[in-house]
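J.: Below you will find the structure I want to go over with you.
The values are calculated or read from the model by the stated rules, or taken from the named source; none is laboratory data. Bear in mind that the values here come from a model prediction, so they are computed numbers and not experimental data. Every residue, glycine as well, gets a Cβ built from its backbone with ideal geometry; the counts of neighbours run over all protein chains shown. Calculation scope for accessible area: heavy atoms of the full protein, side chains included, ligands and nucleic acids excluded. Shrake-Rupley method; radii C 1.70, N 1.55, O 1.52, S 1.80 Å.
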Number of protein chains: 2
Amino acid sequence: MRTDICERFGIEYPIFGFTPSEHVAAAITRAGGMGVLGCVRFNEADELEEVLNWMDENTDGKPYGVDIVMPAKIPTEGTTMDLDALIPAEHRAFVDRTLNDLGVPPLATGHAHAVGVLGWLHSVARSHVDVALKHPIKLIANALGSPPKDIIDQSHEHGVPVAALAGAVSHARHHVENGVDIVIAQGYEAGGHTGEIASMVLVPEIVDAVGDDTVVLAAGGIGSGRQIAAALALGAQGVWMGSYWLTCSEYKLGSAAGGLSATQRALLAATSSDTVRTRIFSGKPARLLKTKWTEAWSKPDAPSPLPMPLQNILVGEAHARIAASADPEVVAMPVGQIVGRMNEIRSVADVMTGLIAEFDAAATRITKAAN
Amino acid sequence: MRTDICERFGIEYPIFGFTPSEHVAAAITRAGGMGVLGCVRFNEADELEEVLNWMDENTDGKPYGVDIVMPAKIPTEGTTMDLDALIPAEHRAFVDRTLNDLGVPPLATGHAHAVGVLGWLHSVARSHVDVALKHPIKLIANALGSPPKDIIDQSHEHGVPVAALAGAVSHARHHVENGVDIVIAQGYEAGGHTGEIASMVLVPEIVDAVGDDTVVLAAGGIGSGRQIAAALALGAQGVWMGSYWLTCSEYKLGSAAGGLSATQRALLAATSSDTVRTRIFSGKPARLLKTKWTEAWSKPDAPSPLPMPLQNILVGEAHARIAASADPEVVAMPVGQIVGRMNEIRSVADVMTGLIAEFDAAATRITKAAN
């Protein structure tokens, strides 16, 4: 499994793996893909610095990247306190009542609850970029829109290409105009923030729209070698996988005693029908695992989710409480429709070996059909 | 472009083309695919008989099929009058008010308005089967659920295989248990009745679920050779295309003077973002072209659509009025997200040639990536 971008990025396989876990990201890189570390969970630049030092020591000199979240359009400077004041009491009451109804206990006194909130702010994301560019990163991706022009310029000055996710042709064109090097065409079936157009239609549309100078990766619904072959058939030069790594053995976030986390147990049990695209996670449509938490927000008494970033702040403590309660029936987790195929815990290396073998079998089938 | 099913069905390419137009269906068959004529528009068996006689004369002895609509679960016997009584006055008032607001005139006196309504009833669909089996058809497909067991048996006695659409693995398993020979895995991106799981995820799930004895065709979002290659990569043995034929030059339904119909003009102008999945067409979720008509139903004052078949009866006259008014901004038409690639009127033969050439190019790319 090899395309033109392998040489350009110094990778063995055109598989880009997004994950918030440095252990998973490093394992993807070591297995010949491009591990891309999600940075939104780091509130402080020092935390990220420490983790990137660990990445440098555990990737055998092979390439890795980082993913930041810089929404293009929201006014996010100011203190958390300022933003807190914009959240209606009705919304807070609904969250409290729902958590109570679902049996999710309050956090222990003194437990930090703002996890993941500050990483959405531009000031924090810029500090992530500054830190990351001091490391030998080979990619900066932005999960929401084009990064600001000065960030793109700063990355290019360091020789680091920039990637951005697109859920429609118009987003992709906008990215290219802004100087983005790699467009990640993310279909409806993807986990997290996603649009309404499915990969089968979106990927070739974006490939045709951006022209030959822009690399297109396919994202959304990919967790097998057949799907990678399909992505390349559609014209992508590689794939971007996110959800599938959540049930890898190296993924330890949220697991208390080294065993499976409640989230992982929920993911292993879910079918492809057990996701929902909703604004409750961040204020923008994102696909989540369907659980009692997402169901509560779809009931008639539930308020409409707030715009980004207010919704994320509203549910920040709820997410921390849900994580601490460790109940597989009450989980707040972005994941794509590929969750139906995430049915066992496997190592990253084992997953990668399987992807490549199945890709080869699919390619053989296509080659035969063409002759 | 050739798979194992080509020999079984006596076709040159594994492309199944569903269309309500006998001119398009015959052209697909003549071009080496399997034209499948949609029968729901025929209220009387005699009308279908006449059209199938025409098909026999215009398909050069090559194979074609028919598509009936037999919802598995609804009580549909009884007169139209019985069903009419179940439609709330509020719904009728909304439809009248909306058509008036959109400038859609009433039908001329005496104009039949029940087009397409009766074809949903089991008694009518059974008469379609009886008529069709007297012709040399090579396939009977059912667009909604498994056909009743006796219909499957009747088809098999005539040596005619049966196909059924599936939007989830559970549907596919149910079809196979009922004796269906061909499962059409129809993804979220498809036009008409469709589920929530996108093709990239759905097709391999269904391929793995039904086993080797059942043929799987991929449907949803397919209108290019790259997408056919992707479908085969995902494990399908062929594709089922519906939307894409609506802008073929042979498609004349709804065009008054032989020029483009208002629907075709609307389809040519639409992007992949211009569809909506809604229950307003039939009572079950179906993807339609987004127009002022669908937008009216999504406003806060709109009633909830009725269950099948009441919604179809409710909007039957509205569809006839909309068709007669010939306004491209007020159209009621099922179409998939592939509509964004339907940008010119082409002959069926030209479309087929393009599909095959692009498939070959995609296959060459995959073959290279695997070596």
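J.: Calculated FRET efficiency, B:ASP301 and B:ASP82, Cβ-Cβ r, R0 35 Å, to nearest 0.05?
T.: 0.75
J.: In whole Hz, what ³J(HN,Hα) sequence does segment B:289-305 give by Karplus (6.51, -1.76, 1.60; θ = phi - 60°), x for Gly and Pro?
T.: Once rounded to whole Hz, the list reads 4, 7, 9, 4, 5, 5, 5, 4, 6, 9, 6, x, 7, 7, x, 5, x.
J.: Scaled to the compact-protein estimate 2.2 N^0.38 Å, what is the alpha-carbon radius of gyration of the protein assembly as shown, rounded to two decimal places?
T.: 0.98
J.: If you average over every viewing direction, what projected area does the convex hull of the Cα atoms of segment B:4-370 give, in nm²? Each step should come with its number before you reach the end.
T.: Numbers: hull surface 70.7 nm².
Dividing the Cα hull surface by four gives the mean projection, 17.7 nm².
J.: With a sphere of radius 11 Å drawn around the Cβ of B:ASP327, what net charge do the other residues whose Cβ falls strictly inside it have (Lys, Arg +1; Asp, Glu -1)?
T.: +2
J.: Calculate the FRET efficiency for A:LYS368 and B:LEU253 from the Cβ-Cβ distance with a Förster distance of 41 Å, rounded to the nearest 0.05.
T.: Efficiency at R0 = 41 Å is approximately 0.60.
J.: For segment A:220-249, which residues drop by 50 square angstrom or more in accessible area between the chain on its own and all protein chains together (1.4 Å probe)?
T.: Residues losing area: A:ARG226, A:GLN227, A:ALA233.
J.: Let me ask another. Please report the antiparallel percentage of DSSP beta bridges with both residues in segment A:4-370, rounded to the nearest 5.
T.: Numbers: 7 of 37 bridges.
Around 20 percent of the beta bridges assigned by DSSP in segment A:4-370 are antiparallel ones.
J.: Now a separate question. Using amide H atoms built in the peptide plane, which far-off residues or other-chain residues are under 5 Å from B:LYS284 H to H?
T.: B:MET308
J.: Rounded to the nearest 0.05, what FRET efficiency is calculated for A:ASP101 and B:GLU177 with R0 set to 41 Å and r the Cβ-Cβ distance?
T.: 0.55
J.: Given the -39500 (n - 2.57) contribution per DSSP H run of 4+ residues, what per-residue ellipticity at 222 nm results for chain B, rounded to the nearest 500 deg cm²/dmol? It would help to have the intermediate numbers written out before the result.
T.: Details: 14 runs with 149 residues, N = 371.
It comes out at -12000 deg cm²/dmol, rounded to the nearest 500.
J.: Rounded to two decimals, what ratio of Rg to Rh does segment A:302-371 give with C-alpha atoms and a Kirkwood Rh?
T.: Numbers: Rg = 20.1 Å, Rh = 16.4 Å.
Radius of gyration relative to Kirkwood radius: 1.23.
J.: Moving on. What's the magnitude of the charge dipole for segment A:4-370 around its Cα centre, counting Lys and Arg as +1 and Asp and Glu as -1 at the beta-carbon? Answer in Debye, nearest 20.
T.: So the dipole magnitude of segment A:4-370 works out to roughly 980 debye.
J.: Under a 1.4 Å probe, what is the accessible area of the protein assembly as shown per residue, stated in Å²? Don't skip to the answer; put the middle values down first.
T.: Details: 28060 Å² over 742 residues.
On a per-residue basis, the protein assembly as shown sits at 38 Å².
J.: May I ask for the net charge around B:LEU306, where only other residues with Cβ less than 14 Å from the Cβ of B:LEU306 are counted and Lys, Arg are +1 while Asp, Glu are -1?
T.: +1
J.: At 1.4 Å probe size, with the rest of the protein present, what percent of the exposed accessible area of chain B is carbon and sulfur atoms?
T.: The nonpolar share, carbon plus sulfur, comes to 52 percent.
J.: Filter the cross-link list A:LYS134/B:LYS368; A:LYS284/B:LYS299; B:LYS252/B:LYS290; B:LYS149/B:LYS284; A:LYS299/B:LYS284 down to pairs whose alpha-carbon distance in this structure exceeds 27 Å.
T.: Too far apart for the 27 Å limit: A:LYS134/B:LYS368.
J.: Over segment B:237-315, what relative contact order in percent results from Cα pairs under 8 Å that are six or more residues apart?
T.: Across segment B:237-315, relative contact order equals 21 percent.
J.: Right, here's the next one. So for chain A, averaging the separation of alpha carbon pairs under 8 Å that are six or more residues apart and normalising by length, what relative contact order in percent results?
T.: On the way: 746 pairs, mean separation 69.5, N = 371.
Relative contact order comes out at 19 percent.
J.: How big is the gap, in Å, between the Cα center of segment B:200-230 and the Cα center of segment A:298-339?
T.: With segment B:200-230 and segment A:298-339 each reduced to a Cα centre, they are spaced 33 Å.
J.: Excluding B:GLY38 itself, calculate the net charge of residues whose Cβ lies under 11 Å from the Cβ of B:GLY38, where each Lys or Arg counts +1 and each Asp or Glu counts -1. Provide the component values of the computation, followed by the final result.
T.: Numbers: positive: B:ARG41; negative: B:GLU22, B:ASP67.
Net charge around B:GLY38: -1.
J.: Still on this structure, I have one more. Could you give the size of the charge dipole of the protein assembly as shown about its Cα centre, using +1 on the Cβ of each K and R and -1 on the Cβ of each D and E, expressed in debye and rounded to the nearest 20? Could the numbers behind the result be given before it?
T.: Numbers: 56 positive and 84 negative charges, 32 e Å.
Roughly 160 debye, rounded to the nearest 20.
J.: As a test of the definition: with a 1.4 Å probe, what buried accessible area, both sides summed, do you compute for A against B, in Å² to the nearest 100?
T.: 3500 Å²
J.: Can you tell which of A:GLY220, A:ILE366, A:PRO20 lies farthest toward the positive end of the dipole of segment A:4-370, using +1 and -1 charges on the Cβ of basic and acidic side chains (Lys, Arg; Asp, Glu)?
T.: A:ILE366
J.: Could you run the Karplus curve 6.51 cos²θ - 1.76 cosθ + 1.60 with θ = phi - 60° over segment A:2-14 and give me ³J(HN,Hα) per residue in whole Hz, x for Gly and Pro?
T.: Each residue's phi maps through the Karplus curve to give 8, 10, 4, 6, 4, 5, 4, 9, x, 10, 7, 10, x Hz.
J.: Turning to a different aspect of this structure: Can you give me the C-alpha center-to-center distance between segment B:342-371 and segment B:44-58, rounded to a whole angstrom?
T.: Cα centroid to Cα centroid, the span is 33 Å.
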